[in-house]
Amino acid sequence: MVVLSKIYTRTGDKGQTALGNGTRVAKHALRVNAYGTVDETNATVGLARQHATGDMDARLAMIQNDLFDLGADLCRPDPDRDHEAEYQPLRMVDAQVSRLESEIDAMNAALEPLRSFVLPGGSALAAQLHLCRTVSRRAERLSVELAEVEPLNEAGLRYLNRLSDWFFVASRIANDDGRADVLWVPGANR
């Protein structure tokens with residue numbers, strides 16, 4: 001249970017923040033950028049949910065919860081040393097990745113194959129989901145960069161990789177099962 005009775009602490013006034021294991025790092029550290037961009041992705045999902053209903057809204061709510069799990073995972077360094085920790089840190093698991101894959105497959109089965117690239121747009125929900133896709137891709141790039149210098153939980157990296165695909169396929173569902181997709185016309189304005 002998390003209890004937040006005081007929101008500001010003043011401990012970050014000089015440009016540092018605490019990671020999940022208590023280590024102090026610069027607020028511009030790559031790890032902080034990675035989990036900060038996961039948080040930004042979560043905020044874009046919150047915007048998308050303003051246009052979603054029913055099953056789509058429920059799935060987006062699950063993704064928001066997963067993104068909090070991923071942020072908790074990323075803010076705690078040294079996944080290889082989890083067995084030494086006083087308590088077991090929250091880590092992403094393969095079941096979360098598998099769920100996304102199953103949902104992508106189910107949504108994609110209802111769609112006609114693409115014959116062109118899709119421009120971000122169409123319905124309000126589709127446009128918001130494209131924003132989610134691009135921000136989640138940035139979170140993935142930062143996490144991959146971090147993984148080159150520090151060990152990361154690979155399930156979290158796989159989750160981010162699938163997530164942008166999920167948002168893409170969901171945007172097509174939000175565009176009348178792809179019938180209202182805005183297609184790229186190469187060189188149309190030359």
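The numbers here are math on the coordinates, done by the rules we state, and not lab data. All of these numbers come straight from a predicted model, not from anything done at the bench. Cβ atoms come from the backbone with ideal geometry, glycine included; neighbour counts cover every protein chain shown.
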Inset, instruction - For the stretch 142-149, indicate whether the set of residues that are aliphatic (A, V, I, L, M), part of a helix (DSSP H, G or I), touching a Gly at 6+ places or on another chain (Cβ under 7 Å) and surrounded by 16 or more Cβ atoms within 10 Å (Cβ to Cβ) is non-empty. - result: no
Inset, instruction - Please identify the pairs in which a residue from the stretch 115-127 that is without any contact (Cβ under 8 Å) to a residue 60 or more places away in the chain and closer than 19 Å to residue 165 by Cβ has its Cβ atom under 6 Å from the Cβ atom of a residue that is surrounded by 14 or more Cβ atoms within 10 Å (Cβ to Cβ) and of a type in the set (Ser, Thr, Tyr), counting only partners at least 6 apart or on another chain. - result: 126/171
Inset, instruction - Taking the options 181, 105, name whichever one is more than 15 Å from the chain's Cα centre (by Cα) and either surrounded by 12 or more Cβ atoms within 10 Å (Cβ to Cβ) or among the aromatic types (Phe, Trp, Tyr) (or both). - result: 181
Inset, instruction - Could you list all residues from the stretch 30-47 that are more than 21 Å from residue 89 (Cα to Cα) and over 13 Å from the mean Cα position of the chain (by Cα)? - result: 47
Inset, instruction - Find the residue count for the stretch 144-168, including only residues that are over 18 Å from residue 66 (Cα atoms) and either among the charged types (D, E, K, R) or touching a residue at least 60 places away in the same chain (Cβ under 8 Å) (or both). - result: 6
